[in-house]
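The values are calculated or read from the model by the stated rules, or taken from the named source; none is laboratory data. Fair warning: this is a prediction, and the values are worked out from it, not measured in the lab. Here Cβ is always computed from backbone atoms with ideal geometry, including for glycine, and neighbour counts include all displayed protein chains. These accessible areas exclude ligands, DNA and RNA; they are computed on the full protein's heavy atoms, side chains included. Shrake-Rupley method; radii C 1.70, N 1.55, O 1.52, S 1.80 Å.
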Amino acid sequence: MAETRKLKYDEANLRTLTVEDLDALEIGSGILGTGGGGNPYQGKLLVLEAMKAGYEMRILATDAIEPDALCMSLGGIGAPVVGVERIREGREGLRCLRAMEELIRAPIDAIVCEEIGGANSMNPLVTAALGGLPILDCDGMGRAFPEMQMTTFSIYGHSSTPSVMCDLHGNAVIFSHAVSEVWHERMARACVVAQGGGAMLATAPMQAHYVHQYGIPKSYTKAIAIGEAVIRARKAQEDPIAAVCELEGGRRIFNGKITDLKRHLRGGFAVGELELAGFDDFSGQTAGVAIQNEFLIFRRNGEVEVCVPDLIVLLDVDTGYPITTEMLRYGQRVAVIAIPCHDLLRTARALEVVGPAAFGYPDIAYSPLPAPVREAAE
């Protein structure tokens with residue numbers, strides 16, 4: 001279908017990513033992933049292999065495509081730790097794309113990233129490139145969340161079905177209809193467990209005007225900029241953690257050594273918690289972080305200080321590189337930073353889906369971090 005498709009965008013508006021962009025994206029998406037989304041390094045390896053084969057990774061602004069263009073959101077589903085033990089085959093997303101086009105009997109015009117966090121920033125790039133499509137500069141979370149109904153697309157009214165899920169074995173599963181987004185998540189989660197804990201899932205296409213209205217804007221641009229800030233700071237022998245905080249309106253809330261770590265697979269998720277003993281300015285303090293694929297709740301001395309949907313990020317205290325949940329180890333020295341989430345995640349409607357109660361913490365009230373100053377274009 002790619003050869004006969006009438007383009008619904010001006011190719012002059014495309015940004016082709018370089019290897020240097022990917023290096024920055026690996027760091028930035030890891031930070032925005034708040035511990036989840038899969039290991040971005042492994043995702044980057046698949047992108048680099050596609051680039052070596054001659055494919056281009058092309059980013060397109062959401063306002064640079066015709067409003068009625070069909071855009072398909074794509075992301076990985078499963079527990080991040082599975083991605084460490086079993087690398088993706090690489091064409092799962094392309095099979096999702098072709099199956100979706102066959103299902104709806106229409107060509108897809110662009111790919112949308114389901115979540116910018118972690119490897120899920122990389123996987124859609126491969127699918128878009130193999131399919132000869134651009135990927136829009138946005139996503140449905142502005143971070144990573146563990147469940148599919150937690151995208152802004154679903155929160156503000158889009159129905160994810162019909163959807164297609166493909167695994168590395170070559171299986172393709174179609175969910176023709178779900179009575180709710182939560183039911184879609186439950187059925188897909190049960191299926192991915194049977195498939196070995198990891199797959200790619202494409203949801204029902206959206207028109208570009210809807211993506212422009214309800215997507216988190218400029219996600220790829222932001223992730224690359226964050227990674228570049230870390231790289232620049234390290235080259236200048238400056239503090240990369242301070243550079244990230246300055247860029248994103250965040251703050252360092254703890255320096256600590258991991259003194260205890262509980263983490264296991266449950267129902268297709270990596271769940272658990274870690275405990276930290278403070279050092280430097282935080283000496284004598286303790287902290288804890290609750291995990292469900294991502295870092296959900298940060299407690300200092302037993303008191304909740306930061307929670308979802310704001311971003312809780314663990315960075316290597318020396319390098320500023322992000323640490324994903326599957327890479328946590330006893331004895332690691334980490335810096336914890338808190339970053340405000342996008343305004344689309346802070347409405348009453350959004351908090352019903354991505355607030356603390358949605359993760360099993362009904363007694364925790366969301367207290368938003370001060371929002372950073374955003375560009376008028378957003």
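Once Lys and Arg get +1 and Asp and Glu get -1 on their Cβ, which of 321, 370, 297 lies farthest toward the positive end of the dipole of the stretch 290-378?
Comparing the listed Cα positions along the dipole, 297 ranks first.
Would any residue of the stretch 134-153 have its amide N under 19 Å from a label point 7 Å out along Cα→Cβ of residue 225? List them or say none.
Within reach of a label on residue 225, which here means backbone N under 19 Å from a point 7 Å along Cα→Cβ, the stretch 134-153 contributes 136-144.
Given the options 232, 91, 346, which has the most mean-square fluctuation in a GNM of the chain, springs set between C-alpha atoms less than 10 angstrom apart?
Maximum among the listed residues: 232.
Sort 187, 200, 51 by accessible area with a 1.4 Å probe, largest first.
Accessible-area ranking of 187, 200, 51, largest first: 187, 51, 200.
Cross-link candidates for residue 8: which lysines have Cα within less than 22 Å, leaving aside residues fewer than 8 places away along the same chain?
Output for residue 8: 218.
Can you tell me the accessible area per residue over the chain, all protein chains present, probe 1.4 angstrom, in square angstrom?
With all protein chains present, the chain gives 40 Å² per residue.
What FRET efficiency do you get for residue 48 and residue 6 if R0 is 25 Å and r is their Cβ-Cβ distance, rounded to the nearest 0.05?
0.20
Mind giving me the FRET efficiency for residue 321 and residue 343? R0 is 22 Å, r the Cβ-Cβ distance, nearest 0.05 is fine.
0.20
Dipole of the chain, Cα-centred, from +1 at each Lys and Arg C-beta and -1 at each Asp and Glu C-beta, to the nearest 20 debye?
580 debye
Quote the Stokes-Einstein diffusion coefficient, in whole µm² s⁻¹, for the stretch 156-201, based on the Kirkwood radius over alpha carbon pairs, a temperature of 4 °C and a viscosity of 1.567 mPa s.
Using the Kirkwood radius from Cα pairs, D works out to 119 µm²/s.
Provide Rg and Dmax in Å for the stretch 218-362, with only Cα atoms included in the calculation.
For the stretch 218-362, the Cα-based Rg and Dmax read 15.3, 45 Å.
How large is the charge dipole for the stretch 152-291, taken about the Cα centre, if only the Cβ atoms of Lys, Arg (+1) and Asp, Glu (-1) carry charge, to the nearest 20 debye?
So the magnitude is around 200 debye.
Quick check for me: using +1 on Lys/Arg Cβ and -1 on Asp/Glu Cβ, what's the dipole size of the stretch 15-136 about its Cα centre, in debye to the nearest 20?
Once rounded to the nearest 20, the dipole reads 340 debye.
Counting helices only, and only those DSSP H runs with n ≥ 4, report the 222 nm mean residue ellipticity of the chain as the sum of -39,500 (n - 2.57) divided by its residues, in deg cm²/dmol to the nearest 500.
Result for the chain, helices only: -8500 deg cm²/dmol.
For the stretch 255-336, what percent of Cα pairs sit more than 20 Å apart?
25 percent
Among 316, 68, 280, which one moves the most in a GNM of the chain with springs linking Cα atoms closer than 10 Å?
Highest fluctuation among the options: 280.
Got a number for carbon plus sulfur as a percent of the chain's accessible area, 1.4 Å probe?
Using a 1.4 Å probe with all protein chains present, the chain comes out at 51 percent carbon and sulfur.
Just the projected area, averaged over all directions, of the convex hull on the alpha carbon atoms of the chain: how many nm²?
Mean projected area of the Cα convex hull: 17.5 nm².
Exactly which chymotrypsin sites (Phe, Trp or Tyr not before Pro) in the stretch 183-244 are in a DSSP loop and have at most 16 other Cβ atoms within 10 Å?
In loop regions of the stretch 183-244 (DSSP not H, G, I, E or B), there are no sparsely surrounded chymotrypsin sites (Phe, Trp or Tyr not before Pro).
Just need the relative contact order of the chain here, percent rounded to a whole number, with Cα pairs under 8 Å and 6+ apart.
20 percent
Length gain on complete extension for the stretch residue 277 to residue 329, per 0.36 nm per residue less the alpha carbon to alpha carbon distance?
Stretched fully, the residue 277-residue 329 segment lengthens by 17.3 nm.
Between 190, 174, 150, whose Cα lies farthest towards the positive end of the dipole of the stretch 55-209 when Lys and Arg beta carbons carry +1 and Asp and Glu beta carbons carry -1, centred on the Cα centre?
Selected residue: 190.
Could you give the length gained by full extension between residue 367 and residue 235, i.e. 0.36 nm per residue of separation minus their alpha carbon distance, to one decimal place?
My answer for the length gained is 43.9 nm.
Over the stretch 257-297, what portion of Cα pair distances is larger than 10 Å, expressed as a whole percent?
So the pairs more than 10 Å apart make up 70 percent of the total in the stretch 257-297.
Quick one: in the stretch 178-239, what % of C-alpha pairs are over 13 Å apart?
That fraction is 77 percent.
Can you tell me the length gained on complete extension of the stretch residue 263 to residue 106, counting 0.36 nm per residue apart and subtracting the Cα distance?
Length gained between residue 263 and residue 106: 52.2 nm.
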